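Following: one structure in C-alpha cells, then a few remarks.
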Amino acid sequence: MSKKKSVVLLVIYTLLIAALCFICTVSFSYGTDNLYTFSSVMRMMEKDADLGIAYGANADAGTYLGGGYSAVYYPEGVISAKEFDDNTDGMSEDEAAQYAADYVRYPDENGSVYLEKGVACDDNGAVLDSFRTAFDAALATVTARYAGLRADGARVESVGDYAIGVFLPAMMDGEYTAISVFAYTGELSIRAGSDEASATDVFTIRPGQTIRDYVKKITSRSAGDTAYVEFTFTDAGREALKTATAGAADTAVTLFFNVGETNVIQLSVSEVYDQNTLYISGSYTAETANTVAVLFSTALDGTAEDLTLTPADAYFHSALYGSNTLVMLYIAFGVFFVAMMAFFFARYRRLGFVHLYTYLLFLFAMILCGWSIPFLYLSVETFLAFLLTSVLLCFSNAVSFESARKEYALGKTMTSSVKTGYKKCFWKLFDLHIVVAVIGFLVYAIALTGLQTAGFVLGLGAAFSGIATLLVNRFGWAVMMGTSKKPGKFCNFKREEVEDE
Amino acid sequence: MSNKRLNLLPVWAAVSAVIILAGIVLMALLGFNVALDRPESKVFDVHYNVVVDLNEESKASLERYCEQAFADAGIVYSDVATLDGQSDPVSLDQGSFSQTGNDFLLRYTFGADVSDASLAAAKTAVEASIAGDEAFLLPAETYVSFDTYSLQPMNESVWRGAVAVAVAAIVALIYVAIRFGLGSALTGLVACVNDAFLTLAVFAIARIPVYTFAPMLYAAIAAVVSAVFWLIRCMKLRDDAKEPSAGAVSAEESLAGVCKATDKLVWIAAGVTLALIVVCALCTMMTGAAAVFAGALVPVAAGLYSSMLLAPALHVKVKAHFDAIKRKHARYEGKKKTAKANAED
C-alpha cells in the first residue's frame, strides 16, 4: 500500500472511530435555553435494576432510578396490623371494640396481621384449614405468575404466614400493571353479550369439565411493534365461540375475558368467529401482553374458591448491588483498558495503535448493539461476558502479532510476515471464536433472564471479536504500517541475529 | 510443569470424582448457599408518615431508637434501607407507580436466626421511645412491626440454565470433533462437564454465599473457559499431527510435547482472566457485585486445573486408543491395497 493511500485510509479510519466515539459517549444540550438535547448511545441505553445511579434517557425523565417496586398481597380475611390501627383510629371506643371483635391478631399480640373471624380463623383464633389450603394455592399461583414473567430480579416471598410479598425491577415497563393484575384470582371465563352485566358464559362447562376443555393455552407474541395475547381453543371451544358470535354480523357482540369477577379484556366482535386461534392486540407492549397471557394461563387452573388478594404497602427499593456499582464497573473497565494498552504499547510500540483502533471499534459495536437490541441491558452478568470477550480479542490480537513477529524474525519482509503470520493463525483464531460464539448463542437460546442476556453478549462479543481480529485488525495493520518507513521498528519486531562462525 | 502429570490420570480422576460426588450429594441435600438472595430473613419495619411533619432530626431519632433497641436486645441487623411509599397498585388507570410523598418505611433486615422474642422486645422499646418523644406528636402515624420473609423458589431459570450449558458444551464439542477429531472432542467434553460440575461442587461444598442465578452463570463460564483452554491444546495437537514423524511418536510423548509448547499460553490466558476478575472484584468491593465477580474466580481456576492436569492425562489414553484404531484401520487398508495389487499382478 502506498504511503499516500495509507495516510488517506488512516484519516478516514480515525474519523470513523472519532465519530463513533462521539455518537456513543458525548451528550450535550443546545438551542435557546438548552431546549434540545443530543443524547449519546450510552445515555440512551437502559441498564440493570441492580446497578444503581440514575442513568440513561429514562433517568433524565426521572422515571427510572434502578431498583424496583415491592408490594404485599393480603388475602381476604387478612389485614395488616397497621391497617387495623388506622381503621380503628377514628372510631369511638364502642365502634372500635365492635370492629376488634371480628378480628384476631396473628400469631400473637406482636403479630403483623389480623385475621378475620369466620373467614380466616374461627372464633377462638385458630386458623381454618380451608383458609390455610386456599392461601397455599394462592401463594403457588402468584409464584407461578411472577416466574412466568421471566423478569430478571422478580421475587415472591411469603410474609409471615398469611401474606405474599412481591418485587419487580423498575427496569420493566409494566411493573405496575403486573403487580396490579397478578392480584386477580379466580377462574378464567369468557362471556359474550352487549354489556358486562348481561353477558353470558361462552363455554357451558359441564360437571367433570374445566375451562381447559375449551381453551388449550394462552400465550403472547409480538410482531414488529405490535404485541398480541394469543388464545388457542380446542375444537369444543372453537364451536362454542362460533355459536356465541353467531349473531355478531347483525349486532356487535362484546367478548369479556374475566379472571374471577374482574374483567381484563373487552373485545368487540362484528362477525362470526370460527377459528382455533384468537389474537388480541390493543395497546400492549411485548411485556404487558406477556403479563396478561401469564395471568390468563394461570387462571386456567383457577377456581371460584380462590382467595381474593388486595395489593398494598407498595414501596420503591433502591438498586440491589448498591448505588455506586455502575461507576465501579466503569472504573474496573478503565483499569482493564489502561493495563491492556500499556501491554500492547510496551510490547509492540506503535503497533499498539492498531490494537487500540480494533478494540475501540469492537467496543463501539458492542455499545451500539446494547442500545439497539431491545432485550439487551447492562448488568453485572453482561459486563462479565463483555469483559471475557474483550480478553478473547486481546488474546487473539496478541497471538496474531506474535505469529507475525516469529515470521519477521526469520528474515521475511514485513508484508510477508504479516501475511504468513495471519495464514498460520487464521483457522486457530477462527475455531476459537466459533466455539465461544456457539456456546454463547446456545446459552442465550435456552437459558432465561440474566444468564440468557449474558449468553447473548458472550456470543455477540465473540462474533465481533472474531471479525475484529481477523479482518479489522489486519486492515488497520496494513493501513498504519504503510505510513511508516521502518515497519520493523513500527511493530517493535526484531530479526534473529545469526552469528557467523 | 513435570510430565508426570500425564501418568496420573487415576489421581486427577479420583480428585474430581470425590469433589463432584460430595458436591452432588450436598447439592441434593442442601442446595447452594443462596444467602445473598436472602432466602429467609426477618425484617423490622418502622412505618412513618410525614403528616406528623418528621424533620431530619426526628428521622435520625427514629434510627437512633431502633439502633438502641437492637443493641439492648442483643441483635445485629444485616441491612438497613429507607423505602419511599408508592400509591397502591389497584387501579389500572394509573398505569405506573407514583410516590405518595408522605409514606416512608425504615426497614432493618436480620438473619432468619434472630428470635421473634428479641424483635418483640426491640419493638416494645422503639414504641416506648417514640411515645416518650415529644417530636412525635401523633404516635399513630408511626407504626412498628416485624415479620419473617421466605423467598419462594422459581426453579425454571435454574434448570433451563443447566440444560443450556449442557447443550452448548455438547454442540461446541461436536464442532471440535469435526475440526480436531472425535478423540479431542471426547476429552474436551469430559473436561467441560468436569469443570462445570467441579465449579458447582466447590460452591456446594464450601457453602460460598451466592445469588440464586450465579451457580449456572459460573457453570457456563467454566464450560467456556474449559473449551477455550482445551482448544489451545487441540490446535497444537493438530499441528504436530501434520509433522512427518507424527506416526512414530507415542500418545504420551505427543501430549508431553503439546503441553510443553502450550502450557505458557494457557497460564497466560488463565492469569489474565483471573487478574481481570480480581480487578473487577476489588473495584466493586463496596457493592454487592463484588460477590458475583469473586465467585467467577472458581470456574476459571477449575478450567485451569482440568486443562493442566485432567484433560492432558485423559487424552493420553484417548489418543492412544484412537491411534491404535487408526493403525489397525491403516493395516487393514494396507492389506486390502496389497491384495488388490497382487490381484492386478
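Since every read-out is calculated from the coordinates, none of them should be taken as a lab result. Note that the coordinates shown come from a computational prediction; the quantities given were computed from them, not determined experimentally. Heads up, the Cβs are rebuilt from the backbone with ideal geometry, glycines too, and the neighbour counts pull from every protein chain shown.
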Approximate spin-label separation A:N87-B:K328, in nm, with each point projected 7 Å along Cα-to-Cβ: 8.1 nm
Can you compute the radius of gyration and Dmax for chain A, using only the Cα atoms, both in Å? 31.6, 117
Please compute the Cα-Cα pair-distance distribution of region A:331-404 with 5 Å bins starting at 0, giving whole percents from short to long. 3, 14, 24, 25, 15, 10, 6, 2, 0
Say each of B:Q99 and A:N492 gets a label point 7 Å from the Cα, pointing the same way as Cα to Cβ; how far apart are those two points in nm? 5.2 nm
Taking chain B, the equivalent ellipsoid from its C-alpha gyration tensor has semi-axes in Å, biggest first, of 63, 19, 17
For A:F233, what residues show an amide H to amide H distance below 5 Å, using hydrogens built from the backbone and excluding near sequence neighbours? A:K216, A:T277, A:L278
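Per the helix-only calculation at 222 nm, which mean residue ellipticity applies to the protein assembly as shown, given -39500 (n - 2.57) for every DSSP H run of n ≥ 4 and division by its residues, nearest 500 deg cm²/dmol?
Working: 26 runs with 461 residues, N = 846.
Helix contribution divided over all residues of the protein assembly as shown: -18500 deg cm²/dmol.
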Comparing B:Q94, B:Q152, B:Q68, which has the greatest mean-square fluctuation in the GNM of chain B with Cα pairs linked when under 10 Å apart? B:Q94
Would you mind computing, in nm to one decimal, how far apart the modelled labels at A:D195 and A:D94 are, each placed 7 Å from Cα along Cα→Cβ? 4.1 nm
Using Cα atoms only, what is the angle between the long axis of helix A:129-149 and the major principal axis of chain A, expressed in degrees (0 to 90) to the nearest 10? 30 degrees
Apply the Karplus parameterisation 6.51 cos²θ - 1.76 cosθ + 1.60, with θ equal to phi minus 60°, to every residue of region A:455-469 and state each ³J(HN,Hα) to the nearest whole Hz, in sequence, with x for glycine and proline. x, 5, 4, 4, x, 5, x, 5, 5, 5, 5, x, 5, 5, 6
Which values of log₁₀ I(q)/I(0), to two decimal places, follow from the Debye formula for region A:187-301 at q = 0.11, 0.14, 0.17, 0.21 Å⁻¹ with a uniform point scatterer at every Cα? -0.33, -0.54, -0.81, -1.23
Given trypsin sites (Lys or Arg not before Pro), DSSP loops and at most 12 other Cβ atoms within 10 Å, the longest exposed-site-free stretch of chain B is B:1-206
Residue by residue through region B:261-266, what is 3J(HN,Hα) from phi via Karplus (6.51 cos²θ - 1.76 cosθ + 1.60, θ = phi - 60°)? Round to whole Hz and write x for glycine and proline. 6, 10, 3, 4, 5, 5
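When the Kirkwood hydrodynamic radius is evaluated over all pairs of different C-alpha atoms of region B:134-237, what value in angstrom, to one decimal, is obtained?
Its Kirkwood hydrodynamic radius stands at 16.6 Å.
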Taking amide hydrogens as modeled 1.01 Å from N in the peptide plane, which residues meet the under 5 Å criterion relative to A:H317, leaving out close sequence neighbours? A:G68, A:Y69, A:S70
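Based on a Kirkwood Rh over C-alpha pairs, give the Stokes-Einstein translational diffusion coefficient of region B:95-193 at 4 °C and viscosity 1.567 mPa s in µm²/s.
On the way: Rh = 19.8 Å.
Taking Rh from Cα pairs, D becomes 66 µm²/s.
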Length gained when the stretch A:A409-A:I467 is fully extended (0.36 nm per residue, less Cα-Cα span): 18.2 nm
I'd like the per residue volume of the convex hull spanned by the Cα atoms of region A:360-470, given in cubic angstrom. 81 Å³
About its Cα centre, what dipole magnitude does the protein assembly as shown give when the only charges are +1 on Lys and Arg Cβ and -1 on Asp and Glu Cβ, stated in debye to the nearest 20? 8980 debye
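When you look at the Cβ of every residue in A:430-442, what mean number of other chain Cβ atoms sits within 10 Å?
Numbers: counts 1, 8, 5, 1, 5, 15, 6, 1, 8, 15, 4, 2, 9.
The mean count of partner-chain Cβ atoms within 10 Å per residue comes to 6.
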Just need log10 I(q)/I(0) for region B:274-344 at q = 0.15, 0.16, 0.26 Å⁻¹, Debye formula, equal scatterers on the alpha-carbon atoms, no solvent, rounded to two decimals. -0.68, -0.72, -1.01
Can you work out the FRET efficiency for the pair B:K337 and B:K264, with r the C-beta to C-beta distance and R0 = 30 Å, to the nearest 0.05? 0.10
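What whole-number value in cubic angstrom gives the convex hull volume per residue for the C-alpha atoms of region A:306-354? Walk me through the numbers before you get to the answer.
Values: hull volume 6.8 nm³, N = 49.
Output value, Cα hull per residue: 140 Å³.
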Convert each backbone phi in region A:426-442 into a coupling constant with the Karplus relation 6.51 cos²θ - 1.76 cosθ + 1.60 (shift: θ = phi - 60°), then list the ³J(HN,Hα) values in order as whole Hz, x for Gly and Pro. 4, 5, 5, 5, 4, 4, 4, 6, 4, 4, 5, 5, 4, 4, x, 5, 5
Using the alpha carbon gyration tensor of the protein assembly as shown, what are the three equivalent-ellipsoid semi-axes (square root of 5 times each eigenvalue), largest first, in whole Å? 58, 33, 30
